[in-house]
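Since the structure comes first, as structure tokens, the remarks are kept for the end.
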Amino acid sequence: MTSISVIIPYYNRQRFIDECLDSVFRQTLAPAEVIVVDDGSEPAQRRYLDKFLPRIRIIALPANRGVSGARNAGIDAAGGEWVAFNDSDDVWEPNKLESQWQYLQAHPGCDGVHTTIRAFFADGSEHVSEPHAPQLMLADALYQNVIRVQSLLIRTSVLRALRGFDSSLRVCEDDDLAIRLALHGYRIDFMGEPLTRMRRTHDDRLFRNWRRIIAGKTVVAWRHRALLERTLGRGATRRRIAHAVRKVGHARGKILGRLLFVGGWILGGFDAATE
């Protein structure tokens, strides 16, 4: 058994949590503990977690804090030297932890490792995310989000040194974390194997809350604007926001998506060099 704590934020996700936890329990390398943070779910949804005892440890928050606050509660409680995150509607490949653990043993100077993501849709289609640089670089993190938290295995001490996720961010908290990890010089490596399956449906937050996604991307860009302009050049803040608008528009599709995509190009100044 490794010194890995698995942290899963949970909020009214009874219909998906069985599949999520089953993928964690079936890992070829077992974690030391599985912490499910109930983020103020409805009473019946909270009680549903009891069926998994004692295989999981439940932390019940009295009120909803959002995914950042829930993850932070798990980080505070974690007993492992390493932390891995999953979301309550996503699933891991059986060798997820073992593959990452073997990589970390072969690269002892590494503070964490993340991977590509395989998104899967209700119609049966799948999409593997684009590869990233072998190591997390500040310029890459500033331009766009490069770390999917569901794929990340990282030292607990690193997260605690950074005080975890920014709990004021209800979305795009992974963008902010990647920037702070790179800014403080932590070594986060990338593996190209898709070891996490991310559920995508037309009722997920990208489609329901596209305004919040764009607003969240804007907040992160504005918060780091001095660093953006210094690292990526004048206008980098605007270009980062424009890139986010284009990505949301492309993912959303249809008329609104096309309008967003075009609007992103206009905001970005039609700068193809930023793509």
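We did not get these values from a lab; they are worked out from the coordinates using the rules stated. Bear in mind that the values here come from a model prediction, so they are computed numbers and not experimental data. Glycine gets a Cβ as well: all are built from the backbone with ideal geometry, and neighbour counts include every protein chain shown.
Would you work out which of Ala122, Pro94, Gly80 lies farthest towards the positive end of the dipole of the chain, given +1 charges on the beta-carbon of Lys and Arg and -1 on that of Asp and Glu, about the Cα centre?
The residue sitting most towards the positive pole is Ala122.
Obtain the nm distance between the two label points defined at Ala77 and Arg163 by a simple spin-label model: each point lies 7 Å from its Cα along the Cα-to-C-beta direction.
Calculated label separation equals 2.3 nm.
Could you tell me the relative contact order of the chain? Use alpha-carbon pairs under 8 Å, at least six residues apart, and round to a whole percent.
Computed value for the chain: 18 percent relative contact order.
Which one, Leu142, Tyr186, Cys110, projects farthest toward the positive side of the charge dipole computed for the chain from Cβ point charges (K/R +1, D/E -1)?
Going by the Cα projections, it comes out as Leu142.
For Phe121 and Glu19, compute 0.36 nm times the residue count separating them, minus their Cα-Cα distance, and round to one decimal in nm.
Here the answer is 35.2 nm.
Suppose we flag trypsin sites (Lys or Arg not before Pro) only when DSSP calls them loop and at most 14 other Cβ atoms lie within 10 Å. Which is the longest uninterrupted stretch of the chain?
With trypsin sites (Lys or Arg not before Pro) excluded where exposed in loops, the chain gives 56-162 as its longest stretch.
Report the charge-dipole magnitude of segment 4-200 in Debye, nearest 20, computed about the Cα centre from +1 at each Lys and Arg Cβ and -1 at each Asp and Glu Cβ.
The calculated dipole for segment 4-200 is roughly 420 debye.
Which value in nm describes the separation of the simple spin-label points at Val128 and Lys51, placed 7 Å from the Cα toward the beta carbon?
Those two pseudo-labels are separated by 3.4 nm.
Among Thr115, Thr218, Thr237, which comes first, then next, by fewest other beta-carbon atoms within 10 Å?
Going from least to most buried by this count: Thr218, Thr237, Thr115.
Below 15 Å, Cα to Cα, which aspartates and glutamates can Lys51 reach? Residues fewer than 8 away in the same chain don't count.
Correct list for Lys51: Asp18, Glu19, Asp22, Asp38.
Using helices alone, I'd like the mean residue ellipticity at 222 nm for the chain: each DSSP H run of four-plus residues gives -39500 (n - 2.57), total over residue count, nearest 500.
For the chain, the value works out to -13000 deg cm²/dmol.
Roughly how many nanometres apart are two label points built 7 Å out from the Cα toward the Cβ at Ala32 and Ala44?
Output for this residue pair reads 3.8 nm.
Where a Cα-Cα gap under 16 Å defines reach, which lysines qualify for Lys247, not counting those fewer than 8 residues away within the same chain?
Lys217
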